[in-house]
Each structure stands twice: as structure tokens, then as C-alpha cells.
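Have a look at the structure below before the remarks.
Just so it is clear, none of the values below were taken in a lab; they were calculated from the coordinates. As the structure is a prediction and not an experimental result, all values here were calculated from the model. Glycine also receives a Cβ, built like all others from the backbone with ideal geometry; neighbour counts cover every protein chain displayed.
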Amino acid sequence: MIKLAKKKKPTKKLAWRQAVHQVMRAATEQEILNRYGSLDVSFNYRWEHVITVVRLATRLAQLTGADEDVVEAAAWLHDISKESKENHALQGAQFARMFLPRTDFPQDKVERVACAIEKHMGLWRKKPLTNLEAMVLWDADKLAKIGLTAVFHWTGGSLAGSQPTSVREIVDDSRRTGWQQKTVASMHTEPARRAAEIRLRHYNWLWHSLEEELNGDDLK
């Protein structure tokens, strides 16, 4: 009697939102370990940056008509290879191509996610991007670097470090400007451009006001 081989049950794929959330969280913790030698730090800068980019990218996708699945997945994974010695955007795109097919993420959208991640590098651009999802990710990533959100992210990251720092050092580092105006001018989508102009004004006002207080310039 011939015994028929039992059919293997198809492996259930991971829910993609949960999967990208978990893998990105693990990557940020590995970054902390590499940098400080311990997870016992007061602020996880990379994690705060990523969840902010996810929120901004999702909102921009709704405002511009970009594919929300592509944008959200790309936002979660855009800095997955930040610690790579190679180009982290290219490495992140390769990770997305490898990782997302293991989940229930729509397979026909994986390459679009990878392409958006691949193009998110740089604080400003000489030539604008042409792919909508890539535009949205780029804009969201840079919006997170030029407003009050960035002030608190960078301050938290500075204070979490193992090296002693001071308010003056944080201000001096943050006031080394020049690129922010180029970033605002490089925004692709109209909602991001409007927000970027407002955020940069807030950013500069806060640092300027803090500098005045530290110097005692408000005493007249």
C-alpha cells in the first residue's frame, strides 16, 4: 500500500505592521548597544525619530493620494540599516526586499517600498524625486529634522549619551545652520513645504530665544 505524503500546511505569514514595528525596535536597541554598550539609556533617539516619520508620512500620504501601505512600510524601515558602514538607504532597501515577503505585506508593492527607502538619503536635493511615495517619505523624514520635534529629539539624544554635555554645547551644535533652508526648498509636496517653512521658523526662534537667555541678552 502506497502511503501518500502529507501535505505541509502553508506557513502563516507575519502581520506586516507588527513585524516591521518589532524589527525596527530591535534595530534601534542594537544601535544603542553599539553606541553605549548598554540599553540603560534615558532616550532612544532613533526610535523616536522613526515613529515620528511614520506619523508624518502616513498623514502626507492621506493628503497627497500616495499609497498608504507603501509609505507606511517604507517609513518604518527607512533607517533599519542606519548602523551600516555602507550606504544605509541602499542597505535598507535590500532589507525591505528580503523581509517584507516574509510577511503578509502585498507582494506587488514590495519593490515600491524598497525604491522609496533607497531614495530618502540627503538633507537637501539638487534634483527633485519623481515617485510620489519616495517624495512623501523624503519629506516626512526631513520634516522630523527641522522643527520643534527635532529640538527635543536631539536634546534627548544628547542627554542620553555617556559623555558629559551642557546646554551650551547642545545649543551650539544645533545652531550650526545652513542646511535647513536648503531642506525647506527641497520639499516635494505642498503640505510638507508649508509645514517645513513654519517648523523652521519655530526651530530658529526657540534656539535664538534660549541663546538670549543663556547670554543674559534679555536683561535690559
Quick check: the distance between the Cα centres of region 87-127 and region 11-35, to the nearest angstrom? 15 Å
Heads up, region 16-215 by the C-alpha gyration tensor (a ≥ b ≥ c square roots of eigenvalues; a/c under 1.5 rounded, else a/b over b/c prolate, else oblate) looks oblate
Histogram of C-alpha separations across region 174-220, 10 Å bin width, %: 25, 42, 22, 10, 1
Which distance in nm do the two modelled labels at residue 172 and residue 87 give, with both placed 7 Å along the Cα-to-Cβ direction? 3.5 nm
When the dipole is taken about the Cα centre of the chain, and only Lys, Arg (+1) and Asp, Glu (-1) are charged at their Cβ, what size is it in debye, to the nearest 20? 1320 debye
Per-residue ³J(HN,Hα) for region 113-120, Karplus 6.51 cos²θ - 1.76 cosθ + 1.60, θ = phi - 60°, Hz, x for Gly and Pro: 5, 4, 5, 5, 4, 4, 9, 8
Computed helical MRE - 222 nm, the chain, DSSP H runs ≥ 4 contributing -39500 (n - 2.57), nearest 500: -20000 deg cm²/dmol
Relative to the longest principal axis of the chain, what angle (0 to 90°, nearest 10) does the C-alpha long axis of helix 148-160 take? 90 degrees
Among rounded, prolate and oblate, which fits region 62-132 when a ≥ b ≥ c are the square roots of the eigenvalues of its C-alpha gyration tensor, a/c under 1.5 means rounded, and a/b larger than b/c means prolate? oblate
Using Cα atoms only, what is the angle between the long axis of helix 190-215 and the major principal axis of the chain, expressed in degrees (0 to 90) to the nearest 10? 40 degrees
For residue 157, what charge total do you get from the other residues with a beta carbon under 9 Å from its beta carbon, if Lys and Arg give +1 and Asp and Glu give -1? 0
Got a sec? Charge dipole of the chain, +1 on Cβ for Lys and Arg, -1 for Asp and Glu; which of 42, 74, 144 is way out at the positive end? 74
Given points 7 Å out from each Cα along the Cα-Cβ axis, report the residue 193 to residue 40 separation in nanometres with one decimal. 5.1 nm
Note the angle between two axes, namely the Cα long axis of helix 88-99 and the longest principal axis of the Cα atoms of the chain, as a number of degrees from 0 to 90, rounded to the nearest 10. 30 degrees
Using Cα pairs under 8 angstrom and six or more residues apart, how large is the relative contact order of the chain, in percent? 21 percent
Taking the beta-carbon count within 10 Å as an exposure proxy, list 105, 152 from fewest neighbours to most. 152, 105
